[in-house]
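Visitor: One structure is given below, represented as structure tokens, and several questions about it will come after.
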Amino acid sequence: MLNVTLPLSKDIIRQLHAGDEVLLTGTVYTARDQAHKRLHECLAAKEPLPFELEGQLIYYVGPTPSRPEAVIGAAGPTTSSRMDAFTPELLEKGLAGTIGKGYRSQEVIDSLQKNTAVHFSAYGGAGALLGQCIKSCEVIAYDDLGTEAIRKIYVESFPAVVAYDCYGQNVYPEPYFGEPQ
């Protein structure tokens with residue numbers, strides 16, 4: 001396992017290769033479908049985003065409510081392809097990468113290469129365990145979206161796999177040509 005400290009620099013991204021297992025430590029932002037739509041609307045209106053994209057990761061997660069003594073509830077990854085329509089635009093604006101599960105579109109794969117970015121896959125079905133790696137959590141935007149609000153989280157030793165690297169390589173046995181799920 002490689003220990004990776006966030007935020008990500010282009011130099012670190014260039015050292016990551018499809019199949020590398022990593023432990024991520026640092027700040028990550030959460031966002032799902034509706035939050036991505038709002039980020040897109042902000043960019044279209046030339047309004048500031050709720051956080052600086054440069055070097056950051058977005059985790060596709062909608063955490064469950066936490067128990068009173070916990071920072072967050074279960075925090076398992078959401079299907080990444082649902083954000084494919086928005087991802088290239090965010091990568092162009094400096095986003096360093098994403099965390100989710102499943103295939104990415106060819107447009108996203110091309111954008112990862114063009115923008116020297118990376119996509120990590122988190123372990124699906126392990127939301128309760130992944131939630132234990134989250135040490136702090138704060139809603140920073142779109143609170144009205146509930147579980148889909150944008151959160152700033154701090155993770156320690158968050159396990160993931162480099163699913164798509166900045167060289168166009170991936171861990172999947174064959175290309176995905178279907179419609180987003």
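Visitor: Please compute the net charge surrounding residue 135, taking Lys and Arg as +1 and Asp and Glu as -1 over other residues with Cβ under 14 Å from its Cβ.
Guide: -1
Visitor: Related question: With n ≥ 4 as the cut-off for DSSP H runs, can you work out [θ] at 222 nm for the chain, using -39500 (n - 2.57) per run divided by the number of residues, rounded to the nearest 500?
Guide: The helix contribution divided over the chain gives -5500 deg cm²/dmol.
Visitor: So, one more: Run the numbers on segment 2-164 and let me know its relative contact order in percent, using alpha-carbon pairs under 8 Å that are six or more apart. Can you show the working numbers first?
Guide: Numbers: 377 pairs, mean separation 51.1, N = 163.
31 percent.
Visitor: Starting from 0.36 nm per residue, how many nanometres of slack lie between residue 126 and residue 17 once their C-alpha separation is accounted for?
Guide: Extending this stretch completely gives an extra 36.9 nm.
Visitor: While we're here: Tell me which residues come under 5 Å, amide H to amide H, from residue 141 once H is placed; ignore anything under 5 positions away on its chain.
Guide: Amide H neighbours of residue 141, under 5 Å, 5+ apart: 150.
Visitor: Going by how many other beta carbons lie within 10 Å of each one, how would you line up 137, 166, fewest first?
Guide: 137, 166
Visitor: For segment 71-79, just list the computed ³J(HN,Hα) in residue order, Karplus coefficients 6.51, -1.76 and 1.60, θ = phi - 60°, integers in Hz, with x standing in for Gly and Pro.
Guide: 6, 7, x, 4, 9, x, x, 9, 4
Visitor: Quick one: Karplus J couplings for segment 102-119, per residue in order, coefficients 6.51, -1.76, 1.60, θ = phi - 60°, nearest Hz, x for Gly and Pro?
Guide: Computed from phi, the couplings for segment 102-119 are x, 5, 10, 6, 4, 4, 5, 4, 4, 5, 4, 5, 4, 9, 6, 10, 9, 10 Hz.
Visitor: Please give the length that would be gained between residue 64 and residue 156 if that part of the chain were fully extended, namely 0.36 nm times their separation in residues minus their C-alpha to C-alpha distance (nm, one decimal).
Guide: 31.2 nm
Visitor: Label-point separation (nm) for residue 33 and residue 138, each offset 7 Å from Cα along Cα-to-Cβ?
Guide: 3.0 nm
Visitor: Rounded, prolate or oblate: pick one for segment 2-164, where a ≥ b ≥ c are the square roots of the eigenvalues of its C-alpha gyration tensor, a/c under 1.5 means rounded, and failing that, prolate if a/b is larger than b/c, else oblate.
Guide: It is oblate, given that a/c is not under 1.5 and a/b is not larger than b/c.
Visitor: Specify the longest stretch of the chain that does not include any exposed loop site, a site being one of the trypsin sites (Lys or Arg not before Pro) with a non-H, G, I, E, B DSSP assignment and at most 15 other Cβ atoms within 10 Å. The partial results should precede the final answer.
Guide: Details: sites that count: 46, 93.
Formally, the longest exposed-site-free interval is 94-181.
Visitor: Once amide H atoms are built 1.01 Å from N in the peptide plane, which residues 5 or more positions from residue 59, or in another chain, come under 5 Å H to H?
Guide: Here the answer is 29, 30, 31, 99, since their amide H atoms fall under 5 Å of that of residue 59.
Taken together, the values in this text are just the output of simple stated rules run on the coordinates, not laboratory data. None of the values given here were measured: they were computed from a predicted structure. FYI the Cβ positions are ideal-geometry reconstructions off the backbone, even for glycines, and counts take in every protein chain you see.
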